[in-house]
Amino acid sequence: MGHWKNACVHITIFLSTVLILACTKPMRADPPSRNHLSVELGQEIELKKGQRARVAGTGLELAILKFYNQPCPPGVKCIWSGIGIEFEYRYNGQLKRGINLVRAFGYQTDVIRSDYESYAILRITREKDR
């Protein structure tokens, strides 16, 4: 009986220690998602198709839905250059989408650089700050 009592005490101490350590261990924050970025106004960001950027302190979100890269062939008159980016903006429950739509909800998106296939370097600013 004495051995059983000692074993119970040791098990109780062990389990108590494990529980205390588990409860006091700092929780790790989830790593930022590769598909959701947080950016500041005026900051240059690289955004890829399917990624979403949330502009801090504004409620504005921007996503690239699709790239277009079919330039007009030489010697042919085209009504559109054939290269562009389809953007999606979300702001206070509203949604706007469009190809080369760089102004939405009072914000301006400048395309700094893009290969029109996989990425775009963008800068988002307020229109009134321009």
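Each value in this text was obtained by applying a stated rule to the coordinates, not by laboratory testing. Since the model is a prediction, treat every value here as computed from it, not as a measurement. Glycine also receives a Cβ, built like all others from the backbone with ideal geometry; neighbour counts cover every protein chain displayed.
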For the stretch 73-94, name all the residues that are within 17 Å of Arg54 (Cβ to Cβ) and surrounded by 11 or more Cβ atoms within 10 Å (Cβ to Cβ).
Phe87, Glu88, Tyr89, Arg90, Tyr91
Any pair with Cβ under 7 angstrom, 6 or more apart, that starts in the stretch 45-66 at a residue that is without any contact (Cβ under 8 Å) to a residue 40 or more places away in the chain and of a type outside the set (Ser, Thr, Tyr) and ends at one that is surrounded by fewer than 15 Cβ atoms within 10 Å (Cβ to Cβ) and part of a loop (DSSP other than H, G, I, E, B)
Gly50/Asn35; Gln51/Asn35; Arg52/Asn35; Ala56/Glu40; Gly59/Asn92
What tally of residues in the stretch 104-130 results from selecting those that are over 18 Å from the mean Cα position of the chain (by Cα) and under 17 Å from Lys49 (Cα atoms)?
5
